Amino acid sequence: MNKYAGKKAVVTGGTHGMGLAIVKALLKGGAEVVFTGRNEKKIEEARAELNSGAAHIVRSDAAVMADIDALGELVGNKLGRIDYLFVNHGIAEINLLEQVTEASWERHFNINTKGAFFTVQRLAPLINDGGAIVFTTVANDTIFPGLSAYSGSKEAVRAFAQVLAAEFLPRKIRVNSVAPGYIDTPTMGVPGLTDEERAEFMKQGDEITPLKRHGTVEEVAAAALFLAVDATFTTGTELPVDGGFAQGLAVS
Ligand SMILES: NC(=O)c1ccc[n+]([C@@H]2O[C@H](COP(=O)([O-])OP(=O)(O)OC[C@H]3O[C@@H](n4cnc5c(N)ncnc54)[C@H](OP(=O)(O)O)[C@@H]3O)[C@@H](O)[C@H]2O)c1
């Protein structure tokens, strides 16, 4: 099924985790994709795994304005115009208030917030009218200690995504977000977790998620593609993909 044949897409943070699942789904459907990451080893692994002429991997740091500019130029040269932009990259660090350093604060807001915003600003002229932008935010309505900088950085994305949805109305470009709960990715969204911490995080997610399990990257990718492609009358919204985690569902 070549559902995305002839379509062109950009995915930031596409070298592993949910972003890679979005890239794979797009390629499977026949799209051509430019996607980014920073870590050379991960870039090479993704390149080897995908082994496709329709997949263009770019080393690009979303926190660096020059990299965002270079990404825009490369996308223009490689793809010309694009149909879908997935702004998925992100990092989290777990620190209580007194542990949050200025450097950690800046990493969160430079990567997750500023990087997301200026990626859209730089790529917007390349998006076809009638296209779509999908941000990856977070199931932020359940509150955890230690994630203040992260939650703030992602809440800002949710806020400006809605304003951008209004700004893009004249071009019929829809802007939505997916808000994942606990999803099984290499980092669980928190690079630098030890294997034990990651296992504990996963166990915690399985216990407190109403559906009593974590989600898969394919489930998030399906929701992101639904918003980008199928949800043609939906804009300005955030779709939770969290097993009911942020919905206040009580398990009887
Ligand atoms: N996993 C979860 O449970 C969860 C829950 C809620 C929300 N989220 C959000 O969902 C998104 C994907 O999470 P994930 O778990 O799939 O993460 P992941 O496996 O760590 O993948 C993150 C991707 O973003 C890239 N990235 C990170 N910083 C970047 C930067 N400065 N510039 C460019 N690329 C960068 C990574 O590449 P490098 O490794 O090369 O930097 C990687 O390709 C993130 O925005 C995360 O905050 C995750």
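The values are calculated or read from the model by the stated rules, or taken from the named source; none is laboratory data. It should be emphasised that the depicted structure is a prediction, and the values quoted were computed from it without experimental measurement. Cβ: placed from backbone, ideal geometry, glycine included. Neighbour counts: every protein chain shown. For accessibility, only protein heavy atoms count, side chains too; no ligands or nucleic acids. Shrake-Rupley method; radii C 1.70, N 1.55, O 1.52, S 1.80 Å.
Quick one: residue 143 ticks every box in (1) open to solvent by less than 50 Å² (accessible area, probe 1.4 Å); (2) in contact with a Ser or Thr (Cβ under 8 Å, 6 or more places away or on another chain); (3) modelled with pLDDT under 95 except a single one, so which number is it?
Here residue 143 clears every test but (1).
Looking at 92, 21, 46 in this structure, which one is within 10 Å of the ligand (Cβ to nearest atom), under 28 Å from residue 145 (Cα atoms) and buried (at least 18 other Cβ atoms within 10 Å of the Cβ)? Let's see the steps before the verdict.
On the way: 21 fails: under 28 Å from residue 145 (Cα atoms); 46 fails: under 28 Å from residue 145 (Cα atoms).
Of the residues listed, the single one that is within 10 Å of the ligand (Cβ to nearest atom), under 28 Å from residue 145 (Cα atoms) and buried (at least 18 other Cβ atoms within 10 Å of the Cβ) is 92.
Conditions first: (1) in contact (Cβ under 8 Å) with a residue 40 or more places away in the chain; (2) within 17 Å of residue 186 (Cα to Cα); (3) not acidic (Asp, Glu). Residue 43 passes all but one, so which condition is the exception?
Result: residue 43 fails condition (1) only.
Among the residues of the stretch 183-202, which ones are open to solvent by less than 30 Å² (accessible area, probe 1.4 Å), more than 14 Å from the chain's Cα centre (by Cα) and within 7 Å of the ligand (Cβ to nearest atom)?
none
Hey, any hits in the stretch 9-22 for a residue that's among the small types (Gly, Ala, Ser), within 25 Å of residue 219 (Cα to Cα), more than 20 Å from the chain's Cα centre (by Cα) and part of a helix (DSSP H, G or I)?
Residues of the stretch 9-22 that are among the small types (Gly, Ala, Ser), as a first pass: 9, 13-14, 17, 19, 21.
Restricting the remaining residues to those that are within 25 Å of residue 219 (Cα to Cα) gives 9, 13-14, 17, 19, 21.
Then keep just the ones that are more than 20 Å from the chain's Cα centre (by Cα); that gives none.
The answer is no; no qualifying residue exists.
Could you figure out which of (1) buried (at least 17 other Cβ atoms within 10 Å of the Cβ); (2) under 17 Å from residue 90 (Cα atoms); (3) in contact with a His (Cβ under 6 Å, 6 or more places away or on another chain) isn't true of residue 205?
Condition not satisfied by residue 205: (2).
Here is a yes/no grid of residues against (1) out of contact with any Leu (no Cβ under 7 Å at 6 or more places or on another chain); (2) under 28 Å from residue 29 (Cβ atoms); (3) assigned to a loop (DSSP other than H, G, I, E, B):
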site	(1), (2), (3)
62	yes, yes, yes
68	yes, yes, no
77	yes, yes, no
84	yes, yes, no
95	yes, no, yes
103	yes, no, no
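Quick test for you: out of 106, 73, pick the one residue that is modelled with pLDDT of 95 or more, more than 28 Å from residue 129 (Cα to Cα) and of a type outside the set (Val, Ile, Thr).
106
Condition first: of a type in the set (S, T, N, Q), more than 22 Å from residue 21 (Cα to Cα) and assigned to a loop (DSSP other than H, G, I, E, B). Now tell me which residues in the stretch 156-205 satisfy that. I'd like the intermediate steps shown before the answer.
So the first thing to find is which residues in the stretch 156-205 are of a type in the set (S, T, N, Q), and the list is 162, 176-177, 185, 187, 194, 204.
Checking which are more than 22 Å from residue 21 (Cα to Cα) leaves us with 162, 194, 204.
Listed by number, the list holds a single entry, 194.
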